[in-house]
1. Quick one: in the stretch 164-178, which of the residues that are in a helix (DSSP H, G or I) and either modelled with pLDDT of 90 or more or among the β-branched types (Val, Ile, Thr) (or both) is nearest to Arg205 (Cα to Cα)?
2. Given (1) on the phi < 0 side of the Ramachandran plot; (2) touching a Gly at 6+ places or on another chain (Cβ under 9 Å); (3) not charged (D, E, K, R), where does Ile635 come up short, assuming only one miss?
3. Hey, among Gly617, Gly637, Gly595, which residue is modelled with pLDDT under 90, open to solvent by less than 40 Å² (accessible area, probe 1.4 Å) and within 29 Å of Val724 (Cα to Cα)?
4. Return the total of residues in the stretch 102-124 being assigned to a loop (DSSP other than H, G, I, E, B), closer than 26 Å to Ile67 by Cβ and either of a type outside the set (Lys, Arg) or free of Cβ contacts under 8 Å to residues at least 12 places away in the same chain (or both).
5. Considering each residue of the stretch 210-234, count those that are out of contact with any strand residue (DSSP E or B) (no Cβ under 7 Å at 6 or more places or on another chain), open to solvent by less than 10 Å² (accessible area, probe 1.4 Å) and among the hydroxyl-bearing types (Ser, Thr, Tyr), and give that number.
6. Looking at this structure, is Lys578 surrounded by fewer than 15 Cβ atoms within 10 Å (Cβ to Cβ) and in contact (Cβ under 8 Å) with a residue 24 or more places away in the chain?
Amino acid sequence: MPSFHLHGVTVQFPFAPYECQKDYMRKVIQCLQTKVNGVLESPTGTGKTLCLLCATLAWRDHTKDAISQQKIAERLDGKEMFPSIPLPSWGQANGDVSTPTSYSDVPKIIYASRTHSQLTQVVSELRNTSYKPKVCVLGSRDQLCINPEVMRQENHHVKVHMCRGKVSTRSCVFYNNVEEKSTDRELVNTIMDVEDLVKFGNKHRSCPYYLSRSLKQQADVIFTPYNYLLDPKSRRAHQIELAGSVVIFDEAHNLEKTCEQSTSFELMPYDLASAISALTRLLAEQATEAGLEESSVQGLKANIENVAKIKEMCLKLEAALDSFEAAADKGITKPGIFIYELLERASLNYDNKAAVFETLEQIIGSLAGQAGIFHNTSGLQKLSDMIQLVFPGNVPSSKLDRQKKLEENTASFKVHIHQDTSSQKKQKSSDLWASSSTKKTGNILSYWCFSPGFSMQDLVNQGVHCIILTSGTLSPLSSFTSEMRIKFPVSLENGHVIERDQIFVSVIERGPDEVPLSSAFDRRFVPENLSSLGNTVVNLSRIIPHGLLLFFPSFFLMEKTLEFWRDNGHASRIESVKPMFVEPKGKGNFTETIGGYYDAVNDSKSRGGIFAAVCRGKASEGLDFANTFGRGVIITGLPFPPKLDPRVLLKMQFLDEMNQKKIPGMKFLSGREWYREQAFRAVNQAIGRVIRHKEDYGAIFLCDQRFKSREAQLQLPSWVRPNVRLYENFGNMVRDVCQFFRVAHKMRPMLEKTTAPEPASECSASTRQSSSPRSCGSTSYLHTQKAKMLDSHTNTLKRRRPDEDAAVASIFKQYQSQSAKTARKAGSLFDALDRAENRREANGALEEQKPSQLSTLSLQYDKRLEEMMNGGKRKIKVVHEQPSFSRGASGDGKKAIAKYFLGEMKSSLSQVNFERIRRALHSYKDTDNVDILLSETSFLTDDPHTYSLLRGLYNFVRPHHKKTFDEKCQEVTGAGCGYKPEHSESKAEMPHAADVNPSRISAFSSSLASTNAPNNKQEGVGNLGGSQADITPKCEVQAVFLADVKKALGPEGSARLCQAVQSYRTTDNYDNMVSVVVALFTEKDENFSLLCRLSSIIRPHHKRQYKEMLRALMGGPAETAAEQNHLNDSE
């Protein structure tokens, strides 16, 4: 692996690092060497986690090397071991404030992230490095316990106390094996995540929970969710020693909220009632016990009098809370120190808090350990947690010092008392174990922390080596660090590893119908606003390839918006382009939902999918939407916190109060500033889903008019701000997005989506390699594969009634003759245009003729979008017209048309726009998609002087698109292109000297009918097309093919095939034809080769699509040599 030196430390990295990665690692090492805190922002996709791991572990190895050098020097008494060989500075403590003198003093690395799933990703990154430290992943019993009896318990606290009881009595077989397995080489020397640890525990019948605690003692790196560090209760429970440790918080954009939540609590009426009920039952059991000499119940160590006292405390606290007349909508707010006054009413204070806490723990343990009986101990546990939080440490004995200590404890808190709501009652009533007496109304006691600095200062007081906060979305850093209330001498706002052509950022102020977009409180449910947003998403879904992420400010707003879209047709229009998957509110169905989205995007035959989610939701936090899974992100509004939420209001009030105090050396945000930054931090986190690595690319759409202000754009990440574009016209934005994805795809084609992995089967490999689907011994896999592929290539496979026989043979011959003519000479204006361009641009034409390969070929515009692209409805003045040309123009006439059109374009347009027209014509030629042509040439409608050029394109439009193109021109420019019904006739339908004689068609029909007669065997083949002497080699091929079709399909199937081919000849409807053809020829594997031979009748503009379908049905490039000749016959 490459290695390099940063601040005297040798860092090994899996690959040559980018400059921004080196900058990041320098800052990390600077924090470690100087023992100072750092806040480091590096965008998602810059390898932040890998850099963090390599830098910290390299510094740790460097520190151990310095200790080794020091010890060697001491042994040599100042002499050099190898005086003739200069030693590298492998162990010099360059820049270190102080070097430890013992290996045991080398700081541990405590790496914290928000969830275990994120930690699993970090462990996976660690395995990719050359560093092999001893690691430990901490988790709760919910993740690590494998004892079936304990895991059957639904309540977490019951699990804890039941586990403790079994461990104390050594009745858990898994715990009894921990000591033996804790030194296992596989366990100690392997880098394991939570899942690996559980697998090891099940394999060796050893408790993973206690194995992790054993590993923690010798671990170099400890991985933990960061609430284990911030919550004092959890920190004590997991016995995490912070003194001298390096503490790293990854994904620290959530740190503020977690700090406040970990030091807050809410005591519900349900909790107090539950505690009182449990204590009452315990006292009743004691009263009914007879013949007991001691005052204890089944292992209860607490004196029964103490149990009664705690019940009395609970009753007093309940009465004190209910004595407040709290308004239903506002509640009562008191300073934080009021919590001591309130608890004093219940006879709970610093003097007796230790005894009360000990008694509560004994009661909970006793109730949880009673076999066969469930006791709800959640209320008692809440009281125990409250005591630990409200009464930390001890207080001085003097009254003055005591009061000062209480004020320090509560300076960052508020007490809020408010009525219980019906929603809370409904939530708690789902507890089937709760008695009816516990389901009562009352007041809620909330003790809320409003300063994350309270927790951060507590960490600093533990004597940590340093604290590093890092994330992809911390901007603005100054406000983030001011909330933490500790110093951060080292900071970094890193750039991105991508180039500017990999990101497209647009503020969409108005939808395609000119309606302003806004999620502001007074506009979020306005029908015009919701409709315009729906139209915007419809159009963006058409031009953004593959995966599209749609973020709403909240679940409530998402539900209301989707409901409106369903009722007004927007949802069906969106899903006609891409299926939509909606993030569920709970955790239950999220895996299935996101899996469905991934499958839809991975489907190589689909146009991708849309995942509708919410800012601050699970999808916006750490999920990987790399490459095709996230080509675009739409932000539908600013996700401000709910302003009517008491906690939000009190947070803003708290910040304003702190600002008014003007504490020297401390700077606070105002309440309004904090409120605004919360919204933008959530937006920035959602935006980060779009770019996940150096070669990724994607587009960001900010669909709210408030994003257009300079102040709002300054809140965006530093790598996004320079790329923001403002558009006055929706159509211009669409044009530039199409161009962006076209260029990005050409420059980075290898990162496009691939087909999802096929299920393993014995014959799948042979199927891919074989030239025939019959080469596989078992056909079950083939049938399944075909069924899946048919859905991708046909709209329906409905059975149709057989009609009278049509002239199949004549149709085949007409297509053969058309193919021959096409091969001999240019048959359209496109060919003439090609020759004219080749003469002018011989070097560049070949590359431009390639299809764009975008998955947005069905891009369409509704009426409102077209009006927007034209600047609204306005009168059109025709300045000049293109000369009209006859459809029957000769080859020279077509050359003249192409030459004249090229000259007009070059004289009227800039070089850039001329190239756009040329590429649009080539794309239309290859894809036969008139919508692409219309969208790519839409800029011609911006100026009345270029209307004639748009109408001039009519000469290049194929017959089946003439009418559509004429209608669009009439609508956009006010004048049509001179469309006549006969213009829509294909060459085969127009009278022509080379057309097949009707009598010959009749002969083919009669021949076909004769082959269906029961008494006609070999004669029917000989009568196809007249006398035997007149049959050409191609006719012989057709005759053989027709005979094979008759034999395979029978009279009814042949009639259906005949009708489908005849319809395809007249309507050019590929989907209808292929749905019948595929249904007929894939019913039996032996008929599959006929499907390949049928390619001779497929028109050139459908050839590619038909060949792709054949390859997909066969499981890969499975044509035989003969079948390949059929496929290429008419190209």
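1. Let us first name the residues in the stretch 164-178 that are in a helix (DSSP H, G or I), namely 164-169, 173-176, 178.
This time we only want the ones that are either modelled with pLDDT of 90 or more or among the β-branched types (Val, Ile, Thr) (or both), so: 167, 169, 173-176, 178.
Values: Val167: 15, Thr169: 18, Val173: 8, Phe174: 5, Tyr175: 9, Asn176: 9, Val178: 9 Å.
Looking at residues that are in a helix (DSSP H, G or I) and either modelled with pLDDT of 90 or more or among the β-branched types (Val, Ile, Thr) (or both), I get Phe174.
2. Every condition holds for Ile635 apart from (2).
3. Gly617
4. Of the residues in the stretch 102-124, 3 are assigned to a loop (DSSP other than H, G, I, E, B), closer than 26 Å to Ile67 by Cβ and either of a type outside the set (Lys, Arg) or free of Cβ contacts under 8 Å to residues at least 12 places away in the same chain (or both).
5. Number of matching residues: 0.
6. no
A quick yes/no check of all residues on (1) under 34 Å from the mean Cα position of the chain (by Cα); (2) β-branched (Val, Ile, Thr):
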| site | (1), (2) |
| --- | --- |
| Asn155 | yes, no |
| Val167 | no, yes |
| Tyr175 | no, no |
| Ser182 | no, no |
| Arg185 | no, no |
| Lys203 | no, no |
| Asp220 | yes, no |
| Ala237 | no, no |
| Ala243 | no, no |
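Yes/no matrix, rows are residues, columns are (1) in contact with a Phe, Trp or Tyr (Cβ under 8 Å, 6 or more places away or on another chain); (2) open to solvent by less than 10 Å² (accessible area, probe 1.4 Å):
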{"residue": "Glu493", "(1), (2)": "no, no"}
{"residue": "His496", "(1), (2)": "yes, no"}
{"residue": "Leu517", "(1), (2)": "no, yes"}
{"residue": "Gly534", "(1), (2)": "yes, yes"}
{"residue": "Leu540", "(1), (2)": "yes, yes"}
{"residue": "Leu550", "(1), (2)": "yes, yes"}
{"residue": "Ser554", "(1), (2)": "no, no"}
{"residue": "Lys560", "(1), (2)": "yes, no"}
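The values are calculated or read from the model by the stated rules, or taken from the named source; none is laboratory data. Here the structure is a predicted model, which is why all the values come from computation and not from measurement. Neighbour counts are summed over all protein chains in view; Cβ atoms, including those assigned to glycine, are modelled from backbone coordinates with ideal geometry. Accessible surface areas use protein heavy atoms only, side chains included; no ligands, DNA or RNA. Shrake-Rupley method; radii C 1.70, N 1.55, O 1.52, S 1.80 Å.
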